[in-house]
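A short write-up of the structure that comes next.
The values are calculated or read from the model by the stated rules, or taken from the named source; none is laboratory data. These numbers come from a predicted model, not from an experiment. Note: ideal-geometry Cβ built from the backbone for every residue, glycine included; neighbour counts use all protein chains shown. To get the accessible areas, we keep the full protein, side chains included, count just its heavy atoms, and leave off ligands, DNA and RNA. Shrake-Rupley method; radii C 1.70, N 1.55, O 1.52, S 1.80 Å.
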Amino acid sequence: MSKSTEASDFVDQQEEYKYGFFSDIESDVAPPGLNEDIVRLISSKKEEPEWMLEWRLEAFRAWEQMNARDGEPRWAQVKFPPIDYQAISYYAAPKDKKTLESLDEVDPELLATFDKLGISLNEQKRLSGVAVDAVFDSVSVATTFKGALADVGVIFCSFSEALREHPDLVRKYLGTVVPVRDNFYATLNSAVFSDGSFCYIPAGVRCPMELSTYFRINAANTGQFERTLIVAEEGAHVSYLEGCTAPMRDENQLHAAVVELVAMPGANIKYSTVQNWYPGDKDGKGGIYNFVTKRGKCMDNAKISWTQVETGSAITWKYPSVVLQGDNSVGEFYSVAVTNNMQQADTGTKMVHLGKNTKSTIISKGISAGKAQQSYRGLVQISPKAENARNYSQCDSLLLGDKCGAHTFPYIDVRNASAQVEHEASTSKIGEDQLFYCRQRGLSEEDAVSMIVNGFCKEVFKELPMEFAVEAQALLGISLEGAVG
Amino acid sequence: MLKIRNLHAQVDGKDILKGITLDVKAGEVHAVMGPNGSGKSTLACVLTGREGYVVTKGSVEFEGQDLLAMAPEERAREGVFLSFQYPVEIPGMSTAYFLKAAVNAVRKHHGLDALDAMDFLKLAKEKAKLVHMDESFLNRSVNEGFSGGEKKRNEIFQMTMLEPKLAILDETDSGLDVDALRTVSEGVNAMRSPERAMIVITHYQRLLDHIKADMTHVLSDGRIVKSGGPELALEVEAKGYGWIAGDSQAGHSELAKVAKAVEGPAS
C-alpha cells in the first residue's frame, strides 16, 4: 500500500501527467519471456477453444521467423533502442476473476482508479448513455448496457467472452482484415493478444448508442496486446469510441494492438480514438511505445471513418487504413496528432482502392512542439480495376518553437487513368507575434495557444462525437502546456 | 491615469528609449510624433509588455498600479489597448470567437458575467457599423486575407468592443487611403470620452487632421524633445523633424530636470 500512496503523492505534485498513478490491485502476472509455452499459458488461462490456440501458435512461429530474419521494422522515422521481447511479461490479469453481476461487486480500489481517470461507470451509465467496456490490465471487468444492446441483437463484449459465447463469429472474421502474417507487431499481437473488445451489429441494425472502451495499462513490465474486432453486417451502423490513459512508469512499455473492422455491404462504421498514454518525461525517459495496426475492409456501398486525436505515447507508429474492396465504398481518415518534448510519431493512413467509384478523404493535422519529431506517412493506392476512384488528401503541420520537426511522406500509387487524386500540404508556425496579439487582447498565453491549435484542428474535431470533442480539446491544452515561452 | 517616469528601454541590448517622461490624464488625447527609429513603436511595445523589450530604468504607473510588473494580458484586462501597426493574422480562428474570448476575459477580470453568444453578436454587429465593416468578417479568420484598410478597421472595431481606458494607436494611419483614414478616425473619435485616454503614435500629421490631439510630443532618439499643443504637429509638418533636432537642446535639458527630480538626489 505504501508504494501506492507514495506514487500518488508524487503525482499530485506533478501536473505534467495527471493520470499517472499506480493502483494496488494484485496482478496475476506471467513470468517474462516469449515462447510456445507462454502462448499456451495465455490460451489456457483464457480457456480458449483449440482452434484459437492453433491460430496463436501459427502467429508465434511466423513472428519468430520474422524476428530471426529482419527483426522489428525500422523504416519509420522514429528512433528507439532494440526491444528485448524476452524481458516482457505477456500476461497480467486482476487476480479476482469471478463473474460480476453488478458494479457493486467490483473491487472498490479498481472503481477508485476509474474515478481518477474521470470515467466513473455509474456516471457514464446515467449521464451519457454510452456503454463502457472497461479494459483493466487486459481483462474486462465491467460491461454495462448489455441489456439494451442485446434487445437489438448487438453483441458488445470482451474478446475473451466473445470467444466463449460466440466462437463461430469470431472464427469467421478474425484475421480477415489483418492477416496473421501482416506485419511484425500485428503478428506478435496475434500470438499473444490478451483481451480486447468484440462488436457485432446484425444486418440492418443501427446501434442505439455509441460504444466505448477505455483501455488502461497497469502492471509494470506488462506489454499490452489488445485485439479489437468490429463486424457490421449488411446495412448496419455503429459508432465506436476508444479512449486511453496509462499510469506513469519509468520503463518503456510496448503496446501492440490490432483493430479489425469489417463493413459488409451498405454498412457504416465510425471509429473514434482519443489517445493520451504517458508520453515520457521532458527528457524522453519512459513513455509508451504505441505500435498499432488498425485496418478496415469496406464491401459495396459501405463506409468506414477513422477519427483520431493522439496526444500521448513516447513513440507512435500507426496507420489506420481502409481497404475499399466493394464498389462505391468510402474511406475517411481524420487525424490530429500532437507531439511535445521528446515524443516521436510516424503516423498516417492507407487508402487502398480496389472497387469502382470508391472515394477516400484524408485530413491530417500534425502539431509538433518541444523537440518532438512527427511524420505523416500516407499511401493512396488506386488499383487497375478501380474505375473512377477519387481521393482527397490534406496534410497540415503546425510547429511550436524551433526545435521540433514535421515531415510528410505521401505515397501515391495510381494504376487506373480515370482516378482523381489530390494532395495538399502545408506547414505553419505559431509565432510570438500571434501570441502577443492574443495576450494584448486579454487572453492568457495558454488560452491563446489552445485557441490557435483548436482553430487549426477544427476540421477534425467536428468529426468527433460531442463528448469526445470536448475531451480532445482539453487534452490538447494539457499536452501543450509550457510548449511556448 | 498614466505616469511615465524617466523610462529607459533596450531591444537586443541596444538602448532605444533614453528617458521618457509623460503624463496622460483621463479624457486626454496625446499625439506622439517622430522620425523613423525615434522609439515611437518601442514605447507602445514597452507599455503593452511585448517580449524582447527590456526596461532598464524608470517606472510606469497606470491607474496607481505598477504597469511594468504586469503580464501583457493583465495590462489588457486592466484596460490598456494597442491598435497594432501590423495586425497579426490567425488562420483558423474566427474573429467572432477570438473577440468573444477577449471580451469575456476582460469582463471576468472585472467580475462581470460572460456575454453569451447572442448578446455578443448583437453588440458586435452594432459596433461593426461604427467602422463600416460588413458583419461577414466576424466569421472570417482573424485578419486572414484582410486588406490593409480592413485590418486597421478591425483594430478599431476591437477597441470599440473592449472599451479600454487607455488606447494606444500605433501608426493606425499607415497604409490607409483617404476614405479609410476618415472611417478609422470616425471610429476613434466616437470612442473619445472623459474617462478614456489615448496615445496616438504617428509619423505624419495628416491623422491629426482627423483626430484632434490635446497635446503633441515629438520623439527623437529615444527622448521627448518637444511638447506642445496641437499647433506643434502643424509646425512639424511644415518644417520637418530636422527643425526639432536643431532645437532639441532646450527641450532635452528641461526634461532632464524633470527626470532628475523624479529620480531624487540619491541617483
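Scanning the range B:4-50 for residues that are charged (D, E, K, R), in contact (Cβ under 8 Å) with a residue 12 or more places away in the chain and farther than 26 Å from residue B:237 by Cβ returns B:5, B:12, B:15, B:50. In the set A:263, A:246, only one residue is among the hydrophobic types (A, V, I, L, M, F, W, C), buried (at least 22 other Cβ atoms within 10 Å of the Cβ), modelled with pLDDT of 95 or more and on the phi < 0 side of the Ramachandran plot; that residue is A:263. With respect to residue A:38, is the statement that it is in contact with a Phe, Trp or Tyr (Cβ under 7 Å, 6 or more places away or on another chain), modelled with pLDDT of 85 or more and not acidic (Asp, Glu) true? For residue A:38, the condition - in contact with a Phe, Trp or Tyr (Cβ under 7 Å, 6 or more places away or on another chain), modelled with pLDDT of 85 or more and not acidic (Asp, Glu) - is met. Name every residue in the range B:1-25 that is open to solvent by 50 Å² or more (accessible area, probe 1.4 Å) and in a loop (DSSP other than H, G, I, E, B), in order of residue number. If the condition is that a residue be open to solvent by 50 Å² or more (accessible area, probe 1.4 Å) and in a loop (DSSP other than H, G, I, E, B), then B:12, B:13, B:25 are the ones that fit.
The residues in the range A:417-449 that are within 17 Å of residue A:396 (Cα to Cα), polar (S, T, N, Q) and more than 10 Å from chain B (Cβ to nearest Cβ) can be counted, and the count is 1.
Of the residues making up the range A:398-456, those that are under 28 Å from the mean Cα position of the chain (by Cα) and acidic (Asp, Glu) are A:413, A:422, A:424, A:446, A:447. Looking at B:133, B:159, just one residue is crowded, with 16+ Cβ neighbours inside 10 Å, away from every other protein chain (no Cβ under 13 Å) and touching a Phe, Trp or Tyr at 6+ places or on another chain (Cβ under 7 Å), and that residue is B:133. Is it true that some residue in the range B:33-44 is farther than 30 Å from residue B:231 by Cα and of a type outside the set (S, T, N, Q)? No, the conditions are met nowhere in the range B:33-44.
Take residue A:296 and decide whether it is within 27 Å of residue A:450 (Cα to Cα) and open to solvent by less than 10 Å² (accessible area, probe 1.4 Å). Answer is no for this residue.
Examine the range B:38-45 for a residue that is within 12 Å of chain A (Cβ to nearest Cβ) and open to solvent by less than 10 Å² (accessible area, probe 1.4 Å), and state whether such a residue exists. Yes, there is a match, as at least one residue in the range B:38-45 is within 12 Å of chain A (Cβ to nearest Cβ) and open to solvent by less than 10 Å² (accessible area, probe 1.4 Å).
Does residue B:136 fit the bill of being farther than 19 Å from residue A:443 by Cβ and free of Cβ contacts under 8 Å to residues at least 40 places away in the same chain? Answer is yes for this residue. Taken together, the criteria exclude residue A:455 from residues that are outside any helix (DSSP H, G or I) and either of a type outside the set (Asp, Glu) or free of Cβ contacts under 8 Å to residues at least 60 places away in the same chain (or both). When the range B:46-70 is limited to residues that are under 17 Å from the mean Cα position of the chain (by Cα), open to solvent by 20 Å² or more (accessible area, probe 1.4 Å) and more than 14 Å from every other protein chain (Cβ to nearest Cβ), the one that is farthest from residue B:1 (Cα to Cα) turns out to be B:68.
Taking the listed residues A:366, A:370, A:348, the one that is in a loop (DSSP other than H, G, I, E, B) and either modelled with pLDDT under 95 or touching a strand residue (DSSP E or B) at 6+ places or on another chain (Cβ under 9 Å) (or both) is A:370, with no other qualifying.
Of all the residues in the range B:71-115, those that are without any contact (Cβ under 8 Å) to a residue 24 or more places away in the chain, more than 11 Å from chain A (Cβ to nearest Cβ) and out of contact with any Leu (no Cβ under 8 Å at 6 or more places or on another chain) number 4.
Taken together, the residues in the range A:388-415 that are in a loop (DSSP other than H, G, I, E, B) and modelled with pLDDT of 95 or more amount to 3.
Of the conditions (1) open to solvent by less than 50 Å² (accessible area, probe 1.4 Å); (2) aliphatic (A, V, I, L, M); (3) modelled with pLDDT of 85 or more, residue A:475 satisfies every one except a single condition; which number is it? Only one criterion is unmet by residue A:475, namely (3).
Kindly establish whether residue A:366 is crowded, with 22+ Cβ neighbours inside 10 Å, under 24 Å from the mean Cα position of the chain (by Cα) and not acidic (Asp, Glu). Yes; evaluated as a whole, the condition is true for this residue. With respect to being modelled with pLDDT under 95 and not in a loop (DSSP other than H, G, I, E, B), residue B:41 fits the description. Candidates are the residues of the range A:276-318 that are hydrophobic (A, V, I, L, M, F, W, C) and assigned to a loop (DSSP other than H, G, I, E, B); the one that is farthest from residue A:262 (Cα to Cα) is A:314. Got at least one residue in the range A:395-414 being within 14 Å of chain B (Cβ to nearest Cβ), in contact with a Cys (Cβ under 8 Å, 6 or more places away or on another chain) and without any contact (Cβ under 8 Å) to a residue 40 or more places away in the chain? Looking for residues that are within 14 Å of chain B (Cβ to nearest Cβ), in contact with a Cys (Cβ under 8 Å, 6 or more places away or on another chain) and without any contact (Cβ under 8 Å) to a residue 40 or more places away in the chain, one finds none in the range A:395-414, hence no.
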